[in-house]
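Below you'll find the structure, written out as structure tokens, and then a few comments.
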């Protein structure tokens, strides 16, 4: 049999390969899947294990006047632009933290719940995120409240029943006394003060018999101490954690934006009940964690809401944790 004189050239091979590629059906292209974001993060602090849980994902107008209430809006917009952030919208964290000390499971703040500052479906995720985070509600031994705004106490109740049936509760004595007064309910309807007072009556007072009231400097549990952070509310507390020589601060609402609050701690915050004291507290707390190089969980910092603070000019800068706490 005579062999064909045809010998394939490089051009023939390239054209042949192209025809095979073109023959791949269109269904092989991957569909768009939509954006994702983490909702649970965990790390070790000495003998403690710390878990942060995202409670809300809303994008809000701002950060002005939430931060910079006393400044022209353009000042805040310029600061956002200089830091490559949108000028008129932001996405705050709402981040409860669970500390497993080995002896107790301690929850710091309970999120928005069904009717908090960021209600469902955009907030109030803590109840459904407990299982993915590895916890059952009945495993929580202690619930510690930094203060009594709705995005911190809204999640204490679920469908009219306590979400954490076996827990005892801890709140600052000054904070509790302030919100327990009947005059709080007389605030302007729809105001933050009126909403906080109503949620305090519904979500905090039912646990009075199981509540411990603490003052700054007192221990919540071994290795966990309350720290005065007044101004945002009259009894707002931060908390320091110490375990096997490692330290952490949970500072509650000492910041509402990762750039504006730290770069300009003297700017007024809309939700601070005492503006001057809130600004003084920010400077004191930021200076403390920057000087001592203490990692921080900031409730409203971008999730996982864990980072460090350094001095930057006349203000400060938030440095998100990457692998420092591995």
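Answer yes or no: is there a residue in the range 44-58 that is loosely packed, with under 13 Cβ neighbours inside 10 Å and farther than 16 Å from residue 258 by Cβ.
no
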Open item on the list: Go through (1) touching a strand residue (DSSP E or B) at 6+ places or on another chain (Cβ under 7 Å); (2) without any contact (Cβ under 8 Å) to a residue 12 or more places away in the chain for residue 314 and report which single condition fails.
Closed with: (1)
Task: Filter pass, residue 277 being buried (at least 16 other Cβ atoms within 10 Å of the Cβ) and either farther than 15 Å from residue 171 by Cα or at pLDDT below 95 (or both) - done: yes
Open item on the list: Which condition from (1) touching a strand residue (DSSP E or B) at 6+ places or on another chain (Cβ under 8 Å); (2) closer than 26 Å to residue 215 by Cα; (3) part of a helix (DSSP H, G or I) is the one that residue 129 breaks?
Closed with: (2)
Task: Cβ pairs under 7 Å, 6+ apart, first in the range 182-193 and closer than 17 Å to residue 272 by Cβ, second modelled with pLDDT under 90 - done: 193/187
- [ ] Please tell me if residue 319 is touching a helix residue (DSSP H, G or I) at 6+ places or on another chain (Cβ under 9 Å), modelled with pLDDT of 95 or more and closer than 21 Å to residue 93 by Cβ.
- [x] no
TODO: Working only within the range 137-163, note down all residues that are more than 25 Å from residue 240 (Cα to Cα) and either under 18 Å from the mean Cα position of the chain (by Cα) or part of a loop (DSSP other than H, G, I, E, B) (or both).
DONE: 159, 160, 163
Open item on the list: Exactly one of these conditions fails for residue 282: (1) part of a loop (DSSP other than H, G, I, E, B); (2) in contact with a helix residue (DSSP H, G or I) (Cβ under 8 Å, 6 or more places away or on another chain); (3) crowded, with 24+ Cβ neighbours inside 10 Å. Give me its number.
Closed with: (1)
Open item on the list: Tell me whether the range 102-109 contains one or more residues that are crowded, with 20+ Cβ neighbours inside 10 Å, under 19 Å from residue 59 (Cβ atoms) and touching a residue at least 60 places away in the same chain (Cβ under 8 Å).
Closed with: no
Open item on the list: Whether any residue in the range 60-74 is at positive phi and either at pLDDT 95 or above or out of contact with any helix residue (DSSP H, G or I) (no Cβ under 6 Å at 6 or more places or on another chain) (or both) is what I want to check.
Closed with: yes
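Conditions (1) touching a strand residue (DSSP E or B) at 6+ places or on another chain (Cβ under 6 Å); (2) surrounded by fewer than 23 Cβ atoms within 10 Å (Cβ to Cβ); (3) over 20 Å from residue 231 (Cβ atoms), marked per residue:
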{"position": "111", "(1), (2), (3)": "no, no, yes"}
{"position": "124", "(1), (2), (3)": "no, no, yes"}
{"position": "133", "(1), (2), (3)": "yes, yes, yes"}
{"position": "138", "(1), (2), (3)": "no, yes, yes"}
{"position": "146", "(1), (2), (3)": "yes, no, no"}
{"position": "157", "(1), (2), (3)": "no, yes, yes"}
{"position": "166", "(1), (2), (3)": "no, yes, yes"}
Open item on the list: Anything in the range 88-107 that is part of a strand (DSSP E or B) and closer than 23 Å to residue 159 by Cβ? List them, or say none.
Closed with: 98, 105, 107
Task: For residue 290: the one exception among (1) over 23 Å from residue 88 (Cα atoms); (2) touching a strand residue (DSSP E or B) at 6+ places or on another chain (Cβ under 8 Å); (3) in a loop (DSSP other than H, G, I, E, B); (4) in contact (Cβ under 8 Å) with a residue 24 or more places away in the chain - done: (3)
Task: Residue check, residue 277 in a helix (DSSP H, G or I) and more than 17 Å from residue 226 (Cα to Cα) - done: yes
Open item on the list: Given (1) surrounded by fewer than 24 Cβ atoms within 10 Å (Cβ to Cβ); (2) within 28 Å of residue 266 (Cβ to Cβ); (3) in contact (Cβ under 8 Å) with a residue 24 or more places away in the chain, identify the lone condition not met by residue 86.
Closed with: (3)
- [ ] List the number of the failed condition for residue 166; all other conditions in (1) in a helix (DSSP H, G or I); (2) over 19 Å from the mean Cα position of the chain (by Cα) hold.
- [x] (1)
- [ ] Return the total of residues in the range 214-237 being touching a helix residue (DSSP H, G or I) at 6+ places or on another chain (Cβ under 9 Å), in contact (Cβ under 8 Å) with a residue 60 or more places away in the chain and closer than 21 Å to residue 46 by Cα.
- [x] 0
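The values are calculated or read from the model by the stated rules, or taken from the named source; none is laboratory data. Everything numeric in this text was worked out from a predicted model, so none of it was measured. Every residue, glycine among them, receives a Cβ derived from its backbone with ideal geometry; neighbour counts consider all protein chains shown.
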